[in-house]
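Peer 1: Let me give you the structure first, and then I'll get to my questions.
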Amino acid sequence: MGWEALGQWGGDVVRIERLAGGVANDVWSLRINGRLAVGRLGTRSDADLAWETNLLQYLDSHGLTVPAPIPTTDGRLFVDGLVVMKYLEGGPPETEADWHRVADTLRRLHQLTQGWPQRPGWRSSTDLLQCDTGTRINLAAMPPEAVVRCRAAWARLTGRATCAVHGDPNPGNVLMSASQVALIDWDEAHVDVPDLDLVLPHNAGDLEGIARDTAEQASAAWEAAVCWDDDHSKRQLALVRAV
């Protein structure tokens, strides 16, 4: 159905312009009944979209600033791969104080989602000690020596409590204002060890010693695996110590 599915949100819906940052999705600003919104069209499964939209709805109801889904006229949160969400404003974090606010917001996410079920089709970092694939990760495509290094980094997380993680809290996925910190682009969200979200500029996650080293190594290994084999993934793999 594609963008024709916008009709499910009513008769007064207009696409305005394509937004930057849509790699796996086609993302546009919209106007619905005179108010700005964001539409995202992709190829994710219904189970995947149900997980994501239910998480965002839950976080929104508990006070986090997220792109909460706007239901269709009959109450659905997505239709044929199309999700319509609240439009959020703000700029990227720039200062050390900004990043500490981001870290506080991420910790709130982690506190709210302890015991959250895994995103359909995804694997956590420690799941990949036994599994070779999960959504965008295919360890069989990596050199065997690289897989050994990544798994050694993830093994250090064994036994840790898990929760929903944003998965990609880079400056482009954070919108800040004086009153709020908004986390956007939840494509990489899944259930994993929370410290993976807290490898931030200025060490804003306040990780120290072994905890910091463990998180940095596991995070670099994850980035290498999930993006393999582009230049970014190879730079991240270079950060993962050889066994």
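Every read-out reported here was derived from the displayed coordinates using simple, explicitly stated rules and does not represent laboratory data. In this text the structure is predicted, and so the values were computed from the model without any measurement. Methodologically, a virtual Cβ is constructed for each residue, glycine included, from the backbone with ideal geometry; neighbour enumeration extends over all protein chains shown.
Peer 1: Charges at C-beta only: +1 for Lys and Arg, -1 for Asp and Glu. How large is the resulting dipole of the chain about its Cα centre, in Debye rounded to 20?
Peer 2: Computed about the Cα centre, the dipole is about 240 debye.
Peer 1: Let me ask something additional. Where does the longest stretch of the chain lie that holds no GluC sites (Glu not before Pro) found in a DSSP loop with 14 or fewer other Cβ atoms within 10 Å?
Peer 2: Free of exposed loop sites, the longest segment is 95-207.
Peer 1: Projected onto the charge dipole of the chain (+1 at Lys/Arg Cβ, -1 at Asp/Glu Cβ, origin at the Cα centre), which of Leu59, Leu196, Thr113 gives the Cα projection farthest towards the positive end?
Peer 2: The residue sitting most towards the positive pole is Thr113.
Peer 1: Lys and Arg at +1, Asp and Glu at -1: add these up for the other residues within a Cβ distance under 13 Å of Gly134 and post the number.
Peer 2: -2
Peer 1: What's the magnitude of the charge dipole for segment 115-243 around its Cα centre, counting Lys and Arg as +1 and Asp and Glu as -1 at the beta-carbon? Answer in Debye, nearest 20. Please report the intermediate quantities before stating the final value.
Peer 2: Values: 11 positive and 18 negative charges, 67 e Å.
Using Cβ point charges on Lys, Arg, Asp and Glu, segment 115-243 gives about 320 debye.
Peer 1: So which trypsin sites (Lys or Arg not before Pro) in segment 169-243 end up in coil per DSSP with only 15 or fewer other C-beta atoms within 10 Å?
Peer 2: Answer in residue order: Arg241.
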